[in-house]
Amino acid sequence: MTSLKKLLLGEQGLVVIFAIAFAIVALTVPNFLTERNMLGLLQSVVTIGIVACTMMFCLASRDFDLSVGSTVAFSGMVAVMASNASGSIIIGLLAALLCGGAVGLVNGVVIARFRINALITTLATMQIVRGLALIASDGRAVGINDPGFYQLALSKFLGIPTPICVMAVFFIIFGFVLNRTVFGKNTLAIGGNPEASRLAGVNVSNMRIWIFALQGLVCAVAGVLLASRITSGQPNAATGLELSVISACVLGGVSLAGGRAAMTGVIVGVLIMGIAENVMNLLNIQAFYQYVVRGLILLLAVLLDNLRSAAAGRRT
Amino acid sequence: MQDFLEFKAISKGYPGVQALADVSFSVKKGAVHGLMGENGAGKSTLIRVLSGDQSADTGEIRIDGQLQHYRSVRDAFDAGVIVIHQELQLVPELTVAENLWLGRFPGKAGVIDRSRLVGVVKEKLAEIGIDIDPTAKVASLSIGERQMVEIAKAVMADARVIALDEPTSSLSSRESEILFTLIDRLRAQGKVILYVSHRLDEIFRLCDSLTVLRDGKLAAHHPEIAQITREQIIAEMVGREISNIWGFRPRERGAVRLEVKDLAGRKLRTPISFSVRQGEILGFFGLIGAGRSEMARLVYGADSRSQGTVSVDGATVTPDSPPHSIRSGIVLCPEDRKFDGIVQGRNIEENMAISSRRHFSPFGILQPKKEAELADRFIAKLRVRTPSRKQEIVNLSGGNQQKVILGRWLSEQGVKVLIIDEPTRGIDVGAKSEIYEILYELAGQGMAIVVISSELPEVMGITDRIMVMCQGRVAADIERADFDERRILAAALPDVANASELPNQQVQSR
Ligand SMILES: Nc1ncnc2c1ncn2[C@@H]1O[C@H](COP(=O)(O)OP(=O)(O)OP(=O)(O)O)[C@@H](O)[C@H]1O
Ligand SMILES: [Mg+2]
């Protein structure tokens, strides 16, 4: 192998490619590398980025969650309605977390205890939860009464918008959990070989329930931030989010067959999704083309991943 | 006779490992050629090179004097080389005949000619003396029968060279014997057979000539097997003499550690009861399918129980799940490495620490140093052949994977009862005796050990007591002083198991 090929197909290949792509874009696209645009770009990936943290665990343990988009919308809705009704933002937040966590828990219990396929289960809850959001709001957007709620998205911490900080903190926490805790290692082990993990004493069904419950909670956080940014609870918010999140994870080298995941990869995946969209916006490319480009990027990433495992000479 | 299959200066390296280095030898037509060597010596790699699955870095292969240039399994197949891997490659949902024709079904315009499909197979099977119904689904066959089907596949394809990689490791002795007869017949037809095994008995039973590999290099080549001894082969493999591989030492037995009472489950209907004392090594012998692994899985809680209790040191273990069993001090090292043992995609270190890490991970936070230390210790202790503890487990040789799984359980703390299912399957002679040493050491510390094995010499060589199982029941319970090969075998065979006239038989089934 030549050294270039080695670099591109090595462990850090994706990061290298990302760095190169970033440099090219920064040099060629006007207005890209401005502080304003950078912050806007990061803002735009907050929802995907936050949800991708736990989706990574879900995929790494060989599971799948399609209900994230609905859960984000539903919990955002709940947050707005509960804080409007009670006059307290805290109560709104807690209610959102509770609802998001509950959706995740239900997913987890149905999948792990009743052994129903994750794809089917979350396909069902995806629709149920979206329905609940529509029922609760009667299909209309619910405006936020308390201006304090806007502050969640508008406030800044050290000059950086709070949602971006929250996303960064999540990246750090979940990166740590994946690499440095028993929970993370067990997640990867389950994805690698569920039966062997069970026999090795890993409580596989509890682990799966936890992963889904966490996913629900994290969706609630994303939902609250989203509601605050769009200044209302929208029952139709975040449609198609599940696909973007899964794409970002796969872009980042998370294996759909389970057992392989890395936080850095997922971060890069999320950023690639964000940059692609941002650049297309800056270049005034029609939205219709953006779908095509996004799909192509995903295909390319998967092909690259394939090349990489072939180069690593993994036995199947 | 001339040399039919020739390897010339074959070398093959993987990152960090020289799997084969300058290996040259040749095999005559109509010969069964043995290939032996320690785990990771390069046997499977050589076979993979022969089968076109991997290409050698340097060197050449000649068949019947012709230089082979193949680059894929398909090319090798066309050149008449067929490899039967340890993991069998049949489609379970198809019938025997369909499997044998797979890839080139007989018929016109995509419509399969049913009568030829079955007819030709029937003929071929009869020709080589395999008694299997061509219309049976492969899923319904025993592992031994599947192996036969694999061989039939080679015969159907008119293979000139057939390589078998540890074919008997999951066969019963009866099934192995049938396999040997089949191999004899193929030899008589002038095929060249390459036979990889860790079992010396089989090598002497079958082979005409033998090559021993060590660390990827040719350690010895014997054109005539009659002229060498067992001890010589072992010394060539491991580079030192091993006089007595069992090395059994009697121990003190203490109070009852593991007590199993009336245990039964879905796959083991007849309730089973037994106990194991501190410091005791109890062997479970039986034919494949006798219910030994099912028993072990029930005790460990891997399968759910329908009745019965398991207690350790007098305390009942509830509920029946692996995590609870581990906390109560029972561990199980499972039989099927590929499905129940290794975690694919993870490295050696992670595979070893998966269970024991909870002892040194405060608040669930990993201590990489301690994991590394543990991995290095057991890599050294079990002599796992690997460039580093970070190697992905799937890149290890079969026997070395087994050693890593053993390490997983040997590194677990507070184990009171160790159940090992086929501990030395696929493991070389040198490592075997080291594993036995470890078992004696653990038993000496008061652990109760249950060893399940299909190798009679092994169970007789290392245990204090043997329980023989037959068709899901305990057929005999024999103390070491009364070990007798014939009696144990008689108890294990279904047709004579209930014959009460066998001398001194303590039939324990209820
Ligand atoms: N894909 C691979 N990547 C890295 N190393 C490999 C790979 N395949 C084999 N090896 C290494 O090559 C060496 C030879 O392996 P091989 O499987 O040929 O051993 P073996 O003699 O068949 O052993 P066993 O008796 O345990 O089956 C081992 O050290 C193994 O770890
Ligand atoms: Mg091998």
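Yes or no: the range B:7-19 includes at least one residue that is of a type in the set (Gly, Ala, Ser), free of Cβ contacts under 8 Å to residues at least 40 places away in the same chain and more than 16 Å from ligand 2 (Cβ to nearest atom).
Scanning the range B:7-19, I find no residue that is of a type in the set (Gly, Ala, Ser), free of Cβ contacts under 8 Å to residues at least 40 places away in the same chain and more than 16 Å from ligand 2 (Cβ to nearest atom), so the answer is no.
Here is a list: B:ARG327, B:ARG408, B:ARG346, B:ARG337. Which entry is over 28 Å from B:SER169 (Cα atoms) and either touching a helix residue (DSSP H, G or I) at 6+ places or on another chain (Cβ under 8 Å) or away from ligand 2 (no atom under 16 Å from the Cβ) (or both)? Please lay out each step first, then the result.
Values: B:ARG408 fails: over 28 Å from B:SER169 (Cα atoms); B:ARG346 fails: over 28 Å from B:SER169 (Cα atoms); B:ARG337 fails: over 28 Å from B:SER169 (Cα atoms).
Among B:ARG327, B:ARG408, B:ARG346, B:ARG337, only B:ARG327 is over 28 Å from B:SER169 (Cα atoms) and either touching a helix residue (DSSP H, G or I) at 6+ places or on another chain (Cβ under 8 Å) or away from ligand 2 (no atom under 16 Å from the Cβ) (or both).
Confirm whether B:SER44 is within 14 Å of chain A (Cβ to nearest Cβ), closer than 16 Å to B:ALA9 by Cα and within 14 Å of ligand 1 (Cβ to nearest atom). If you could, list the steps in order and put the result at the bottom.
Working: within 14 Å of chain A (Cβ to nearest Cβ): yes; closer than 16 Å to B:ALA9 by Cα: no; within 14 Å of ligand 1 (Cβ to nearest atom): yes.
When the stated conditions are applied, B:SER44 does not pass them.
Here's the yes/no breakdown for (1) of a type in the set (Val, Ile, Thr); (2) free of Cβ contacts under 8 Å to residues at least 40 places away in the same chain; (3) farther than 22 Å from B:LYS432 by Cβ:
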| residue | (1), (2), (3) |
| --- | --- |
| B:LEU218 | no, no, yes |
| B:GLU224 | no, yes, yes |
| B:ILE234 | yes, no, no |
| B:VAL238 | yes, no, no |
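For the structure I just gave you, tell me whether B:ARG377 is in contact with a Gly (Cβ under 9 Å, 6 or more places away or on another chain) and more than 16 Å from ligand 1 (Cβ to nearest atom).
Numbers: in contact with a Gly (Cβ under 9 Å, 6 or more places away or on another chain): yes; more than 16 Å from ligand 1 (Cβ to nearest atom): yes.
Spelling it out, B:ARG377 is indeed in contact with a Gly (Cβ under 9 Å, 6 or more places away or on another chain) and more than 16 Å from ligand 1 (Cβ to nearest atom).
What do you reckon, is B:VAL73 at pLDDT below 90, away from ligand 1 (no atom under 13 Å from the Cβ), under 15 Å from B:ALA159 (Cβ atoms) and surrounded by 15 or more Cβ atoms within 10 Å (Cβ to Cβ)? It would help to see each step written out before you state the result.
Numbers: at pLDDT below 90: yes; away from ligand 1 (no atom under 13 Å from the Cβ): yes; under 15 Å from B:ALA159 (Cβ atoms): yes; surrounded by 15 or more Cβ atoms within 10 Å (Cβ to Cβ): yes.
For B:VAL73, the condition - at pLDDT below 90, away from ligand 1 (no atom under 13 Å from the Cβ), under 15 Å from B:ALA159 (Cβ atoms) and surrounded by 15 or more Cβ atoms within 10 Å (Cβ to Cβ) - is met.
Is it fair to say B:ARG385 is of a type in the set (D, E, K, R) and either within 14 Å of chain A (Cβ to nearest Cβ) or within 16 Å of ligand 2 (Cβ to nearest atom) (or both)? If you could, list the steps in order and put the result at the bottom.
On the way: of a type in the set (D, E, K, R): yes; either within 14 Å of chain A (Cβ to nearest Cβ) or within 16 Å of ligand 2 (Cβ to nearest atom) (or both): yes.
Against the criterion (of a type in the set (D, E, K, R) and either within 14 Å of chain A (Cβ to nearest Cβ) or within 16 Å of ligand 2 (Cβ to nearest atom) (or both)), B:ARG385 qualifies.
Scan the range B:200-232 for residues that are buried (at least 17 other Cβ atoms within 10 Å of the Cβ) and in a loop (DSSP other than H, G, I, E, B) and jot them down.
B:CYS207, B:ASP208, B:ASP215, B:GLY216
Residues to consider are B:ILE419, B:ILE466, B:ILE427; find the one that is of a type in the set (Val, Ile, Thr), within 16 Å of ligand 1 (Cβ to nearest atom) and in contact with a helix residue (DSSP H, G or I) (Cβ under 9 Å, 6 or more places away or on another chain).
On the way: B:ILE419 fails: within 16 Å of ligand 1 (Cβ to nearest atom); B:ILE466 fails: within 16 Å of ligand 1 (Cβ to nearest atom).
Only one candidate passes the filter, namely B:ILE427.
Looking at B:GLU145, B:GLU175, B:GLU166 in this structure, which one is surrounded by 14 or more Cβ atoms within 10 Å (Cβ to Cβ), more than 16 Å from ligand 2 (Cβ to nearest atom), touching a residue at least 60 places away in the same chain (Cβ under 8 Å) and under 28 Å from B:GLN402 (Cβ atoms)? So that I can check it myself, show each step before the final result.
On the way: B:GLU145 fails: touching a residue at least 60 places away in the same chain (Cβ under 8 Å); B:GLU166 fails: more than 16 Å from ligand 2 (Cβ to nearest atom).
The unique qualifying residue is B:GLU175.
Taking the range B:342-375 as the search range and keeping residues that are within 25 Å of the chain's Cα centre (by Cα) and of a type in the set (Asp, Glu), which one is nearest to the other protein chains (Cβ to nearest Cβ)?
By that ranking, first place goes to B:GLU350.
With the structure loaded, tell me whether B:ALA380 is surrounded by 15 or more Cβ atoms within 10 Å (Cβ to Cβ) and modelled with pLDDT of 90 or more or whether it fails that test. Outline the logic, then answer.
Details: surrounded by 15 or more Cβ atoms within 10 Å (Cβ to Cβ): no; modelled with pLDDT of 90 or more: yes.
Against the criterion (surrounded by 15 or more Cβ atoms within 10 Å (Cβ to Cβ) and modelled with pLDDT of 90 or more), B:ALA380 does not qualify.
Name the residues in the range B:354-391 that are of a type in the set (Gly, Ala, Ser) and either in a helix (DSSP H, G or I) or in contact with a helix residue (DSSP H, G or I) (Cβ under 6 Å, 6 or more places away or on another chain) (or both), would you? Outline the logic, then answer.
Residues of the range B:354-391 that are of a type in the set (Gly, Ala, Ser), as a first pass: B:355-356, B:361, B:364, B:372, B:375, B:380, B:388.
B:SER355, B:SER356, B:SER361, B:GLY364, B:ALA372, B:ALA375, B:ALA380, listed by residue number.
Which residues, counting only those in the range B:254-309, are under 26 Å from B:GLU458 (Cα atoms) and either among the β-branched types (Val, Ile, Thr) or not assigned by TED's automatic domain parsing to the domain that holds B:ILE466 (or both)?
Selection gives B:VAL256, B:VAL260, B:ILE272, B:VAL276, B:ILE281, B:ILE288, B:VAL299.
Only one of B:VAL27, B:VAL121 is buried (at least 20 other Cβ atoms within 10 Å of the Cβ) and within 30 Å of B:LYS12 (Cα to Cα). Can you tell me which?
Details: B:VAL121 fails: within 30 Å of B:LYS12 (Cα to Cα).
After applying the criteria, what remains is B:VAL27.
Within the range A:175-182, is even one residue within 14 Å of chain B (Cβ to nearest Cβ), of a type outside the set (S, T, N, Q) and buried (at least 20 other Cβ atoms within 10 Å of the Cβ)?
yes
Taking the range B:424-472 only, how many residues are in contact with a Ser or Thr (Cβ under 7 Å, 6 or more places away or on another chain) and not in a helix (DSSP H, G or I)?
As a first pass, look at the range B:424-472 and keep what is in contact with a Ser or Thr (Cβ under 7 Å, 6 or more places away or on another chain): B:425-426, B:432, B:435, B:451-452, B:454, B:458-459, B:472.
Still in the list and also not in a helix (DSSP H, G or I): B:425-426, B:451-452, B:454, B:472.
Adding up the residues that qualify gives 6.
Could you please find all residues in the range A:132-156 being in contact with a helix residue (DSSP H, G or I) (Cβ under 7 Å, 6 or more places away or on another chain), of a type outside the set (A, V, I, L, M) and part of a helix (DSSP H, G or I)? Before the answer, list the steps.
Going residue by residue through the range A:132-156, those that are in contact with a helix residue (DSSP H, G or I) (Cβ under 7 Å, 6 or more places away or on another chain) are A:132-133, A:136-137, A:142, A:144-146, A:148-150, A:152-153, A:155-156.
The next check asks that each one be of a type outside the set (A, V, I, L, M); those that pass are A:137, A:145-146, A:148-150, A:155-156.
Selection gives A:SER137, A:GLY148, A:PHE149.
Could you tell me which numbered condition B:THR424 fails, if it satisfies all but one of (1) within 16 Å of ligand 2 (Cβ to nearest atom); (2) within 14 Å of chain A (Cβ to nearest Cβ)?
Tallying (1) within 16 Å of ligand 2 (Cβ to nearest atom); (2) within 14 Å of chain A (Cβ to nearest Cβ), B:THR424 fails exactly one: (2).
With the structure loaded, tell me whether B:ASP53 is touching a Lys or Arg at 6+ places or on another chain (Cβ under 6 Å), within 14 Å of chain A (Cβ to nearest Cβ) and surrounded by fewer than 23 Cβ atoms within 10 Å (Cβ to Cβ) or whether it fails that test. Working first, answer last.
Details: touching a Lys or Arg at 6+ places or on another chain (Cβ under 6 Å): no; within 14 Å of chain A (Cβ to nearest Cβ): yes; surrounded by fewer than 23 Cβ atoms within 10 Å (Cβ to Cβ): yes.
When the stated conditions are applied, B:ASP53 does not pass them.
Can you list the strands (runs of 3 or more DSSP E) found entirely within the range B:239-341 that contain at least 3 residues being away from chain A (no Cβ under 14 Å)? Step through it out loud before you land on a result.
Details: elements: B:256-265, B:272-277, B:281-286, B:305-312, B:330-333.
Fully inside the range B:239-341 and qualifying: B:256-265, B:272-277, B:281-286, B:305-312.
Is it the case that A:ILE209 is at pLDDT 95 or above and within 14 Å of chain B (Cβ to nearest Cβ)? First the steps, then the outcome.
Details: at pLDDT 95 or above: yes; within 14 Å of chain B (Cβ to nearest Cβ): no.
So A:ILE209 does not fit the description; no.
Please verify whether A:ALA200 is over 13 Å from A:PHE57 (Cα atoms), in contact with a Ser or Thr (Cβ under 9 Å, 6 or more places away or on another chain) and within 14 Å of chain B (Cβ to nearest Cβ), treating the condition exactly as stated. Write out each step before concluding.
Values: over 13 Å from A:PHE57 (Cα atoms): yes; in contact with a Ser or Thr (Cβ under 9 Å, 6 or more places away or on another chain): yes; within 14 Å of chain B (Cβ to nearest Cβ): yes.
The answer is yes for A:ALA200.
The values are calculated or read from the model by the stated rules, or taken from the named source; none is laboratory data. For clarity, every value in this text was computed on a predicted model and none was experimentally measured. Glycine gets a Cβ as well: all are built from the backbone with ideal geometry, and neighbour counts include every protein chain shown.
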